Amino acid sequence: MGTMTDRGATLPAATGHVKRINQTELGDIAAIKERVDATMDTHQQQVRLSYEMDHTPDGISVYVAYVDGAPAACAWVRFPEASAFASLWGGGTLPQWRGRGVFRSLVADRAGLAAARGFRYLQVDAMPASRPILTRLACVELATPPPHTHPAGAAGPPTPRRSRPPARDH
């Protein structure tokens, strides 16, 4: 999670352009996600995003970064009602465009929109590779959620995976 500052919303765009897309362009997200994570069900993701865009158009904005006219990265931002936190989701960048400012531009555009809409904070559940980018954009880590696992075929709710053994009473 991080606080928003003007510094994070005014970075220059990467080569190419970042575009807020509509439902007819969700195939560009699938094209990226299929190459970034072959295990992802991109059809279900498109259905969910399309539903949100249709039923809560003020609650989500979906972006694709294009380089030389081709989709290079994607992400979206959600705007929960009655919250000071906008949330960043779905970041994915094709391998050949990593380290070139494309993802940073997506973060900056979404952060700028969130700030313009009056959101004071960003909530981001980022992978370790994204943390340096978020730090350079003036995000400050406030908390790290514990990871949870759910073994395949297990009955019942998922159980938290502990990063250290529980304390013992002596």
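Note on residue 37 and residue 136: their simple-model spin labels are 2.3 nm apart, each label 7 Å out from Cα toward Cβ. For the pair the stretch 31-57 and the stretch 117-143, the centres of their Cα atoms are 22 angstrom apart.
Ellipsoid fit via the Cα gyration tensor, the stretch 60-101: semi-axes of 26, 10, 6 Å, each the root of five times an eigenvalue, largest first. At q = 0.12, 0.13, 0.15 Å⁻¹ the log10 of I(q)/I(0) for the stretch 49-123 amounts to -0.34, -0.39, -0.51, computed by Debye summation with a single uniform scatterer per C-alpha, solvent ignored. Between rounded, prolate and oblate, where does the stretch 14-68 land on the alpha carbon gyration tensor, with a ≥ b ≥ c its root eigenvalues, rounded for a/c under 1.5, else prolate if a/b exceeds b/c? Oblate, since a/c reaches 1.5 and b/c is not below a/b. Evaluated at q = 0.26 Å⁻¹, the base-10 log of the normalised Debye intensity for the stretch 79-132, with identical point scatterers placed on the Cα atoms, takes the values -1.07. A simple rule links phi to the HN-Hα coupling: the Karplus curve 6.51 cos²θ - 1.76 cosθ + 1.60 with θ = phi - 60°, which for the stretch 96-111 gives 5, 10, 6, x, 10, x, 5, 5, 4, 5, 5, 4, 4, 5, 5, 5 Hz, with x for Gly and Pro.
Quick note: the coordinates plus some simple rules give every number you see, no bench work behind them. All of these numbers come straight from a predicted model, not from anything done at the bench. So basically every Cβ, Gly included, is an ideal-geometry build from the backbone, and we count neighbours across all protein chains shown.
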